[in-house]
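S.K.: Sharing a structure here in structure tokens format.
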Amino acid sequence: MVFSSLVFLYLFLPCSLILYYFFGSKFRHGVGADGTTDTGAPTEAQNYILIAVSLFFYAWGEPIWVSLLVLTAAIDWLAALWMERTRGTNGPKLALALSLVSNLSLLGVFKYSDFVVENVNTSFGASFNLPGYALPIGISFYVFQTLSYSIDVYRGDVRAQRRFTDFLLFVSLFPQLVAGPIVRYVHIAAEIRGRRHSWDLFSRGLHRLCVGLFKKVFIANVAGEWAERTMGGDLSTLSTGDAWLGLAMFALQIYFDFSAYSDMAIGLGMMFGFHFHENFNYPYISKSVTEFWRRWHISLSTFFRDYVYIPLGGRARWPYRNLFIVWALTGFWHGPSWNFMLWGLYFGVWIAIERLFLGNLLARLPGLFGHLYLLLIVTLGWALFYFTDLQQLKLFSMILFGFTEAPLFGEQTFTDIQAHALWLPLALVACTPVAPWSSSILVRLDIVRSLVSWRPIAILAVDLVMLLSCTALLVGQSYNPFLYFRF
């Protein structure tokens with residue numbers, strides 16, 4: 001089940017909210033009294049309902065993998081309790097080893113076993129059968145979540161959760177379960193039992209959900225169709241202009257697709273009283289690759305920084321070795337294919353170059369140069385991400401840089417631009433923080449301040465327009481999942 005499906009929007013989500021707020025609140029023992037419309041802290045029943053609907057959400061497509069999710073949660077919950085009860089002995093190290101081995105083994109078996117066997121066969125002329133295991137949805141995300149919990153407990157950064165149901169709620173929480181953000185226990189531990197519900201938080205969550213839905217349906221899906229038509233077909237028929245436009249569309253697709261999911265996850269979290277950290281911060285306005293990765297998939301970048309890069313020594317000891325280890329792992333996390341490894345190392349190389357000299361040079365130049373440099377480097381990097389077949393990648397790269405007999409422009413180039421004449425400005429503007437900038441300027445104007453009481457109604461009206469517009473498109477569309485579901 002995906003957030004941008006009619007089943008989710010008009011069946012699963014309304015039923016979940018009714019169960020959570022109407023039936024769950026019937027078991028309340030006291031209500032918050034801060035003078036607002038606050039409905040107080042969650043009841044025990046509300047947490048159980050949220051666990052139930054989250055497991056149902058996960059089981060919708062693959063019921064068998066619910067057991068793996070619960071098993072992973074149980075192992076890390078027990079390991080953390082073992083750590084706390086054996087402080088001062090070798091117990092915490094053994095418990096952490098159990099958590100690391102079990103989680104990484106599960107990830108390795110289900111995600112990388114085919115890749116390993118295939119490369120062994122190729123390298124040594126062997127003929128081992130590929131295991132052919134299906135990849136459980138979201139395993140790359142929830143394994144990292146539970147790993148971060150075990151490591152934080154081992155370090156003493158957070159206390160172990162005593163109640164398994166509370167820990168299972170953290171692991172299975174459906175807004176972020178399938179494609180992130182990678183939520184750390186330390187960030188929401190207090191909200192598992194102490195979160196507060198209010199109409200203000202709910203309405204802000206609803207708005208964020210509608211914004212994410214609009215980005216997915218009106219921008220990401222359109223860019224994806226354009227990119228797939230260009231890069232997924234017969235490359236020999238492409239012009240150089242088509243290739244650059246197709247690659248630019250894939251750059252837009254992957255940003256709006258993934259950031260839309262994060263927006264919807266954060267919004268859904270708010271609707272149930274949770275605050276998730278931001279995962280994207282307008283990365284395409286960056287002026288260096290280093291800045292880009294501070295703004296892109298923030299939860300993954302900070303995970304590797306805190307749990308791999310810094311423990312290896314960070315910048316204090318063997319900084320470039322640590323840098324390339326992190327970027328190789330970042331690439332490999334995305335998928336069991338050499339192109340992802342190359343994609344990760346590609347960015348590692350550029351960040352290393354920026355550390356050596358390019359960063360200082362860019363800082364002395366006008367910002368436009370840094371911005372154009374960033375867009376070129378990142379856009380080229382998405383070709384590595386898209387093509388799992390390295391021969392296709394080579395051919396596409398040759399077309400990009402004019403090393404084939406492909407024409408500079410073809411009829412399709414101008415046809416595509418004309419067909420998307422209204423859509424292109426919308427997509428490009430949406431890559432920038434124009435909306436928050438405009439909002440901050442408007443609130444300073446006297447005429448706007450006088451209308452502040454109408455703001456909630458106006459936002460609700462905009463949300464309704466976005467929801468109905470997206471619904472109209474979804475009715476006629478085929479299944480179109482988020483890209484990061486496959487990771």
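S.K.: How many residues does region 66-101 contain that are of a type in the set (G, A, S), within 27 Å of G156 (Cα to Cα) and either over 30 Å from the mean Cα position of the chain (by Cα) or surrounded by fewer than 19 Cβ atoms within 10 Å (Cβ to Cβ) (or both)?
M.R.: Taking region 66-101 first, the residues of a type in the set (G, A, S) are 67, 73-74, 79-80, 88, 91, 95, 97, 99.
Now drop any that are not within 27 Å of G156 (Cα to Cα), which leaves 73-74, 79-80, 88, 91, 95, 97, 99.
Keeping just the survivors that are either over 30 Å from the mean Cα position of the chain (by Cα) or surrounded by fewer than 19 Cβ atoms within 10 Å (Cβ to Cβ) (or both) gives 74, 88, 91, 97.
Adding up the residues that qualify gives 4.
S.K.: Could you check how many residues of region 311-332 are among the hydrophobic types (A, V, I, L, M, F, W, C) and modelled with pLDDT of 95 or more?
M.R.: Total satisfying the criteria: 7.
S.K.: Return yes or no: is R455 surrounded by 12 or more Cβ atoms within 10 Å (Cβ to Cβ), charged (D, E, K, R) and at pLDDT below 85?
M.R.: Spelling it out, R455 is indeed surrounded by 12 or more Cβ atoms within 10 Å (Cβ to Cβ), charged (D, E, K, R) and at pLDDT below 85.
S.K.: What about V222, is it within 22 Å of L460 (Cα to Cα), β-branched (V, I, T) and either in contact with a Lys or Arg (Cβ under 7 Å, 6 or more places away or on another chain) or assigned to a helix (DSSP H, G or I) (or both)? Please lay out each step first, then the result.
M.R.: Numbers: within 22 Å of L460 (Cα to Cα): no; β-branched (V, I, T): yes; either in contact with a Lys or Arg (Cβ under 7 Å, 6 or more places away or on another chain) or assigned to a helix (DSSP H, G or I) (or both): yes.
No, not satisfied.
S.K.: Next question, about the same structure. Would you confirm whether any residue within region 245-260 is part of a helix (DSSP H, G or I), more than 20 Å from the chain's Cα centre (by Cα), more than 18 Å from Y386 (Cα to Cα) and of a type outside the set (G, A, S)?
M.R.: No; the residues of region 245-260 include none that is part of a helix (DSSP H, G or I), more than 20 Å from the chain's Cα centre (by Cα), more than 18 Å from Y386 (Cα to Cα) and of a type outside the set (G, A, S).
S.K.: Another question, if that's okay. In region 378-387, is there at least one residue being outside the structural domain of K111 (by TED's automatic domain parsing), in contact (Cβ under 8 Å) with a residue 40 or more places away in the chain and outside any helix (DSSP H, G or I)?
M.R.: Yes: region 378-387 contains one or more residues that are outside the structural domain of K111 (by TED's automatic domain parsing), in contact (Cβ under 8 Å) with a residue 40 or more places away in the chain and outside any helix (DSSP H, G or I).
S.K.: Could you identify the single residue in A179, A189, A160, A126 that is in a helix (DSSP H, G or I) and aliphatic (A, V, I, L, M)? Write out each step before concluding.
M.R.: Values: A179 fails: in a helix (DSSP H, G or I); A160 fails: in a helix (DSSP H, G or I); A126 fails: in a helix (DSSP H, G or I).
So the residue among A179, A189, A160, A126 that is in a helix (DSSP H, G or I) and aliphatic (A, V, I, L, M) is A189.
The values are calculated or read from the model by the stated rules, or taken from the named source; none is laboratory data. Just so we're clear, the structure is a prediction, and the values are computed from it rather than from any experiment. Positions of Cβ are generated from backbone atoms using ideal geometry, with glycine treated the same way; all protein chains shown enter the neighbour counts.
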